[in-house]
Ligand code: GDP
Ligand code: IMO
Ligand code: MG
């Protein structure tokens with residue numbers, strides 16, 4: 001069997017959590033491959049709402065095996081909070097959730113360093129989630145990091161050494177901190193983490209594939225936040241793209257099957273950085289209100305704009321997307337006209353290629369399509385789609401050259417319409 005990958009094609013928050021949950025019944029195993037508690041994946045069903053940060057979104061359907069892969073960074077404190085909140089609601093994950101021993105730990109000082117680096121950048125700050133993501137991945141790459149597997153051997157000594165290095169940096173940045181406060185509960189949380197299956201996930205996953213088991217890999221963030229291909233430096237610190245699944249789970253490229261690319265019917269971005277189709281006017285505000293565009297974890301207001309097909313084509317190319325999934329279609333229900341950016345004009349020159357420089361010099365070139373002005377959130381099948389919505393879908397499919405297999409019309413698991421079911425997509 002192969003690993004199907006589900007990932008975001010924009011700047012994150014596309015609705016990955018919801019769709020992983022919808023697709024879970026079709027798979028034996030669900031595995032997160034990168035990112036950490038910077039993610040906030042929202043799932044809604046049976047009038048319950050859950051926001052998952054480090055735990056994969058496959059935990060609610062059918063007792064499936066869930067894995068946190070080696071490419072993920074884990075803060076034991078936040079992991080404990082998340083797992084205990086789920087346990088309190090009757091979802092004991094200790095038997096069903098495994099964690100790679102090679103996943104790196106986010107230390108208390110990584111959180112402090114994240115804050116210190118942001119403060120030092122002043123106006124040009126990235127607007128990180130403040131969870132210590134960048135510093136934890138930096139230590140991984142510079143070969144100073146601590147991994148989940150390290151908790152089993154001589155952890156205290158290794159920890160003390162790295163903490164001392166971090167303190168030197170914090171002091172050089174004149175950053176005020178209280179180490180006792182930062183470390184409070186962290187070591188207890190590390191003990192809590194040991195209750196889970198700490199595994200060599202690359203062996204486990206490859207063995208499961210050999211036995212004919214199906215695996216769905218869950219991405220975090222989005223392609224435009226990728227460390228290599230996003231709008232650097234306004235990006236996260238991991239490879240959010242499909243290749244990140246190979247390194248983040250230890251699966252070979254030829255073992256990748258479907259690549260599900262998720263996008264919103266418009267665009268959002270939270271934090272700083274270029275956003276060519278951003279709307280700083282009443283239309284942007286209307287999208288924000290209708291889509292409840294506030295960060296699931298940080299509560300920060302998300303910047304909103306029209307769909308950007310230049311960026312989407314780029315994301316499809318980099319990921320090798322085989323199926324598209326369009327989210328939040330219902331948010332555009334009231335607009336008489338919908339715009340889609342098909343090209344950029346940069347210093348008077350038109351291009352459809354995503355450029356190196358993604359600063360203010362970009363002028364998006366739009367086509368206008370008639371809106372459907374019909375509520376969609378109650379719809380159960382594509383037979384009910386308004387004519388103008390079908391025209392919008394047909395336009396996107398022609399522009400993007402990939403079919404849109406699933407359309408989401410609301411946050412609930414049930415508000416999911418499958419247009420075609422070749423392969424493993426499922427829904428209502
Ligand atoms: P993720 O990080 O990609 O999992 O996405 P988030 O959970 O951060 O953000 C998506 C938000 O949109 C959440 O609040 C979801 O409940 C909500 N959502 C998902 N799909 C839809 C949809 O089709 N329509 C509407 N209105 N909301 C949706
Ligand atoms: P999900 O998985 C949206 C953004 C931050 C910031 C930049 C770097 O829910 O889609 P970081 O804390 O990673 O160093 O912040 O990336 N960011 C996200 N934006 N959704 C996310 O995750 C994000 N994770 C990080 O806002 O601009
Ligand atoms: Mg999110």
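The values are calculated or read from the model by the stated rules, or taken from the named source; none is laboratory data. Just so it is clear, the model here is predicted, and its values are computed rather than measured. Glycine also receives a Cβ, built like all others from the backbone with ideal geometry; neighbour counts cover every protein chain displayed.
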Filter region 21-67 down to residues that are assigned to a strand (DSSP E or B) and either within 25 Å of residue 300 (Cβ to Cβ) or within 16 Å of ligand 1 (Cβ to nearest atom) (or both), then give me how many there are. 15
Scope region 14-29; condition surrounded by fewer than 24 Cβ atoms within 10 Å (Cβ to Cβ) and within 12 Å of residue 328 (Cα to Cα); matching residues: 15
Number of the exception - residue 273 against (1) away from ligand 1 (no atom under 15 Å from the Cβ); (2) within 25 Å of residue 54 (Cβ to Cβ); (3) touching a helix residue (DSSP H, G or I) at 6+ places or on another chain (Cβ under 6 Å): (3)
Per the filter on region 5-20, residues within 13 Å of ligand 3 (Cβ to nearest atom) and outside any helix (DSSP H, G or I) are 7, 8, 10, 11, 12, 13, 14, 15
When region 215-234 is examined, which residues are found to be at pLDDT 95 or above, more than 16 Å from ligand 1 (Cβ to nearest atom) and in contact with a helix residue (DSSP H, G or I) (Cβ under 7 Å, 6 or more places away or on another chain)? 215, 229
Only listed residue being over 27 Å from the mean Cα position of the chain (by Cα), at pLDDT 95 or above and surrounded by 14 or more Cβ atoms within 10 Å (Cβ to Cβ), chosen from 388, 384, 368, 399: 388
So which residues in region 286-310 are away from ligand 2 (no atom under 16 Å from the Cβ), touching a residue at least 12 places away in the same chain (Cβ under 8 Å) and more than 27 Å from residue 323 (Cα to Cα)? 286
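May I ask you to verify whether residue 357 is in contact (Cβ under 8 Å) with a residue 12 or more places away in the chain and either assigned to a loop (DSSP other than H, G, I, E, B) or out of contact with any helix residue (DSSP H, G or I) (no Cβ under 7 Å at 6 or more places or on another chain) (or both)?
Numbers: in contact (Cβ under 8 Å) with a residue 12 or more places away in the chain: no; either assigned to a loop (DSSP other than H, G, I, E, B) or out of contact with any helix residue (DSSP H, G or I) (no Cβ under 7 Å at 6 or more places or on another chain) (or both): yes.
No, not satisfied.
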